[in-house]
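None of the figures in this text is laboratory data; all of them are computed from the coordinates on show. Keep in mind the model is a prediction, meaning the values are calculated, not measured. Cβ placement follows ideal geometry from the backbone for every residue including glycine, while neighbour counts extend to all protein chains displayed.
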Amino acid sequence: MCFFSKISKEAVEVEHRFNAKFDKPEKYKKNDFINGFTFPQTPVIKSMDRDVIFFYNWGLIPTWAKDDSIRKYTLNAKIETLNEKPSFKNSVNKRCLVIADGFYEWQWLDLKGKNKQKYLITLTNDELFSFAGIWSEWTNTQTGEIVYSYSILTTEANELMSEIHNSKKRMPVLLTKEYETQWLDNCSLEFFKNLNIDLKAEKIIENQLF
């Protein structure tokens, strides 16, 4: 799963890495701990606007939703069932890159998960990457506000993440530069289930519990 991430690079580094410009640069703030359950706006790149970095809300709201309460259940979307779930199937081909340079996971230290160890997972070179995302445009019928939101795709955990996320053994679908174009070009979902991305895990010493 992926509910907590970080983006700690300067804005100019983000723009250079993704060869794109922020549509509203004043909204960009470095953040070492992004909590998905606050439904924050974070930087994304859409398939049809690849030279622009937008700010979309984490927690996808499907077009048919009556209100935004569904978003607490749509922070993540399983890649294996993406075409089947009503919340996601209309967004399967509305792909985006969710920009980050790390995410957090907690390892269960006992069978019931009462004690957990926090880890920060990054690329081995600490560079920026992206999560494979899908997005939606939703109109609030009460206020007329248009909300753009996204969900991060997850897949089965690799060897490293199976040891860390040892409860559900899931991980986000991570994209390095070599795979981002294929994702935005709607390459088959099957291709992205088991990408070979080199990761490292850093144990957070304070042993923050979740």
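Applying a threshold of 7 Å to beta carbon distances and a minimum spacing of six or more residues, or different chains, the list of pairs starting in segment 103-125 at a residue that is under 11 Å from residue 201 (Cβ atoms) and ending at one that is among the hydrophobic types (A, V, I, L, M, F, W, C) and assigned to a loop (DSSP other than H, G, I, E, B) reads 103/2; 117/109; 118/204; 119/204; 120/204. Would you say residue 71 is in contact (Cβ under 8 Å) with a residue 60 or more places away in the chain, farther than 15 Å from residue 42 by Cβ, touching a Leu at 6+ places or on another chain (Cβ under 7 Å) and buried (at least 16 other Cβ atoms within 10 Å of the Cβ)? It is false that residue 71 is in contact (Cβ under 8 Å) with a residue 60 or more places away in the chain, farther than 15 Å from residue 42 by Cβ, touching a Leu at 6+ places or on another chain (Cβ under 7 Å) and buried (at least 16 other Cβ atoms within 10 Å of the Cβ). Among the residues of segment 95-121, those that are within 28 Å of residue 47 (Cα to Cα) and touching a Leu at 6+ places or on another chain (Cβ under 7 Å) comprise 95, 97, 99, 101, 102, 104, 121.
Pick from segment 28-67 the residues that are surrounded by 14 or more Cβ atoms within 10 Å (Cβ to Cβ) and of a type in the set (Lys, Arg): which of them is nearest to residue 82 (Cα to Cα)? For segment 28-67, the residue satisfying everything is 46. None of 142, 182 is at negative phi, surrounded by fewer than 17 Cβ atoms within 10 Å (Cβ to Cβ) and within 19 Å of the chain's Cα centre (by Cα) except 182.
Against the list (1) farther than 20 Å from residue 179 by Cβ; (2) polar (S, T, N, Q); (3) free of Cβ contacts under 8 Å to residues at least 40 places away in the same chain, the condition residue 19 fails is (1). Evaluating residue 157 against the criteria (1) surrounded by fewer than 20 Cβ atoms within 10 Å (Cβ to Cβ); (2) over 22 Å from residue 63 (Cβ atoms); (3) in contact (Cβ under 8 Å) with a residue 24 or more places away in the chain; (4) within 17 Å of the chain's Cα centre (by Cα) leaves one unmet condition, (3).
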